[in-house]
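*Asks:* Questions regarding the structure given below will be posed in turn.
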Amino acid sequence: MTAPAGERLYLVTGASSGIGKGIALRLCGLGARVVAIGRDADRLGELAQECGCPERIHPEIRDLAADIELLPQYVKGLKEKYGKFHGMVSCAGISEIRPLQILKYENGKRIFDINYFAPLMLAKGLLDRRHNVGRGTSLVFIASIEAHLADKGMSFYAGSKAALIASVRSISREVAASGVRVNAISPGDILTPMTAAVEGMRNDRSHLYPLGFGTVDDVAALAVFLLSDEAKWITGQNYILDGGHL
Ligand SMILES: NC(=O)c1ccc[n+]([C@@H]2O[C@H](COP(=O)([O-])OP(=O)(O)OC[C@H]3O[C@@H](n4cnc5c(N)ncnc54)[C@H](OP(=O)(O)O)[C@@H]3O)[C@@H](O)[C@H]2O)c1
């Protein structure tokens, strides 16, 4: 697999934790610069220290669920500050188990705001041709196996990720003529702070995974491949990455 060339610039959301952090570290290790977005300043600071090349990590503290309408403007500002983007990996997201009896519109809106609307509005900003490098630009959206499985109690979360996958396909068709690629990854259970918070989840579900649970590195490897020129004929796809679960 060819790594993205050094000095490329990527936007990574959710870079303060879990999958996003792993992807930011891998990109930085390959010589790329990363605009790393999260809400937690301390953990973004730790990312910059951990990567061993803090000058290539540009931490940006932002609640992506606030002022969603303004996210394209926000990306424009980032371009003016750091340069044109070679791509984005959208990882920021939340999950919640909420059975139908206690489902409320406000819970769904909170999940859709960060899992669906924010990634799309960021994409709108980044896909403005003034803000990316044009041909070779690649966007990757972290969806979820839940978009396919739709376990009980996951209706809002599964819906938000299924909507994301459908929009990835639509957007990929809009931008293909410019040589820009857009794909999704749907991971199964990956050990991160998000899944660690679900008590008992790991023991209860381990038998579902013939190859065991996934790691952040498993997702980062595929994301970096999809960003690279090695994937130049791949767009509009959704990759299920689940250790043989489905
Ligand atoms: N872990 C899994 O098993 C798994 C499986 C399938 C799909 N996924 C998806 O993978 C993505 C990453 O999950 P993860 O397991 O790495 O979760 P995580 O460790 O909980 O990290 C979530 C990240 O999202 C950021 N975030 C959440 N709300 C935000 C907001 N309003 N504004 C800005 N940033 C926000 C967090 O930033 P702060 O902490 O700085 O607030 C954090 O960096 C999610 O989209 C998730 O749905 C995860």
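*Asks:* Between a first residue in segment 77-92 that is in contact (Cβ under 8 Å) with a residue 40 or more places away in the chain and assigned to a strand (DSSP E or B) and a second residue that is within 16 Å of the ligand (Cβ to nearest atom) and of a type in the set (S, T, N, Q), which pairs have beta carbons less than 9 Å apart while being 6 or more apart in sequence or on different chains?
*Replies:* 88/13; 89/13; 90/13
*Asks:* For segment 62-76, which residues satisfy the criterion of being within 13 Å of the ligand (Cβ to nearest atom), hydrophobic (A, V, I, L, M, F, W, C) and part of a helix (DSSP H, G or I)?
*Replies:* Across segment 62-76, the qualifying residues are 68, 71.
Conditions tested, residue by residue: (1) part of a helix (DSSP H, G or I); (2) more than 10 Å from the ligand (Cβ to nearest atom); (3) not aromatic (Phe, Trp, Tyr).
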| site | (1), (2), (3) |
| --- | --- |
| 117 | yes, yes, no |
| 128 | no, yes, yes |
| 141 | no, no, no |
| 148 | yes, yes, yes |
| 169 | yes, yes, yes |
| 173 | yes, yes, yes |
| 184 | no, yes, yes |
| 195 | yes, no, yes |
| 198 | no, no, yes |
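*Asks:* List every residue pair whose Cβ atoms lie under 8 Å apart, where the two residues are 6 or more positions apart in sequence or sit on different chains, the first residue falls within segment 213-227 and is within 10 Å of the ligand (Cβ to nearest atom), and the second residue, located anywhere, is among the hydroxyl-bearing types (Ser, Thr, Tyr).
*Replies:* So the pair list comes out as 213/206; 216/192.
*Asks:* Here's a follow-up. In this structure, does residue 79 turn out to be in contact with a helix residue (DSSP H, G or I) (Cβ under 9 Å, 6 or more places away or on another chain), basic (Lys, Arg) and more than 13 Å from the ligand (Cβ to nearest atom)?
*Replies:* yes
*Asks:* Output the residues belonging to segment 14-31 that are crowded, with 24+ Cβ neighbours inside 10 Å, free of Cβ contacts under 8 Å to residues at least 60 places away in the same chain and more than 11 Å from the ligand (Cβ to nearest atom).
*Replies:* Correct list: 28 only.
*Asks:* Checking residue 238 against (1) surrounded by 14 or more Cβ atoms within 10 Å (Cβ to Cβ); (2) near the ligand (Cβ under 10 Å from one of its atoms); (3) of a type outside the set (Val, Ile, Thr), which single condition isn't satisfied?
*Replies:* Only one criterion in (1) surrounded by 14 or more Cβ atoms within 10 Å (Cβ to Cβ); (2) near the ligand (Cβ under 10 Å from one of its atoms); (3) of a type outside the set (Val, Ile, Thr) is unmet by residue 238, namely (2).
*Asks:* All but one of (1) in contact with a Phe, Trp or Tyr (Cβ under 6 Å, 6 or more places away or on another chain); (2) small (Gly, Ala, Ser); (3) under 17 Å from residue 27 (Cα atoms); (4) more than 10 Å from the ligand (Cβ to nearest atom) hold for residue 90; which doesn't?
*Replies:* All conditions are met except number (4).
*Asks:* Separate question: Consider residue 112 carefully, then state whether it is aromatic (Phe, Trp, Tyr), closer than 22 Å to residue 193 by Cβ, touching a residue at least 40 places away in the same chain (Cβ under 8 Å) and not in a helix (DSSP H, G or I).
*Replies:* In short, no.
*Asks:* Please go through segment 130-170 and pick out each residue that is out of contact with any Leu (no Cβ under 7 Å at 6 or more places or on another chain), over 23 Å from residue 94 (Cα atoms) and surrounded by 15 or more Cβ atoms within 10 Å (Cβ to Cβ).
*Replies:* The answer is 131, 133, 136, 137.
*Asks:* Still on this model: When you look at residue 195, is it farther than 15 Å from residue 182 by Cβ, touching an Asp or Glu at 6+ places or on another chain (Cβ under 9 Å) and of a type outside the set (Phe, Trp, Tyr), yes or no?
*Replies:* yes
*Asks:* Scan segment 87-125 for residues that are over 19 Å from residue 186 (Cα atoms) and in contact with an Asp or Glu (Cβ under 9 Å, 6 or more places away or on another chain) and jot them down.
*Replies:* Those that are over 19 Å from residue 186 (Cα atoms) and in contact with an Asp or Glu (Cβ under 9 Å, 6 or more places away or on another chain): 107, 110, 121.
*Asks:* Quick one: what pairs do we get from segment 43-61, first residue part of a strand (DSSP E or B), second aromatic (Phe, Trp, Tyr), C-beta under 6 Å, 6+ apart or different chains?
*Replies:* Filtered contacts from segment 43-61: 58/82.
*Asks:* I've got another one for you. What number of residues within segment 29-48 are closer than 14 Å to residue 89 by Cβ and within 16 Å of the chain's Cα centre (by Cα)?
*Replies:* Matching residues across segment 29-48 total 5.
*Asks:* A further question on this structure: Considering only residues that are hydrophobic (A, V, I, L, M, F, W, C) and out of contact with any strand residue (DSSP E or B) (no Cβ under 8 Å at 6 or more places or on another chain), which ones fall in segment 119-142?
*Replies:* 120, 121
Bear in mind that the values in this text are calculations on the coordinates, not laboratory data. Since this is a predicted model, take the numbers as computed values, not measurements. Because the Cβ atoms are built from the backbone with ideal geometry, glycine has one as well, and the counts that use them run over all protein chains shown.
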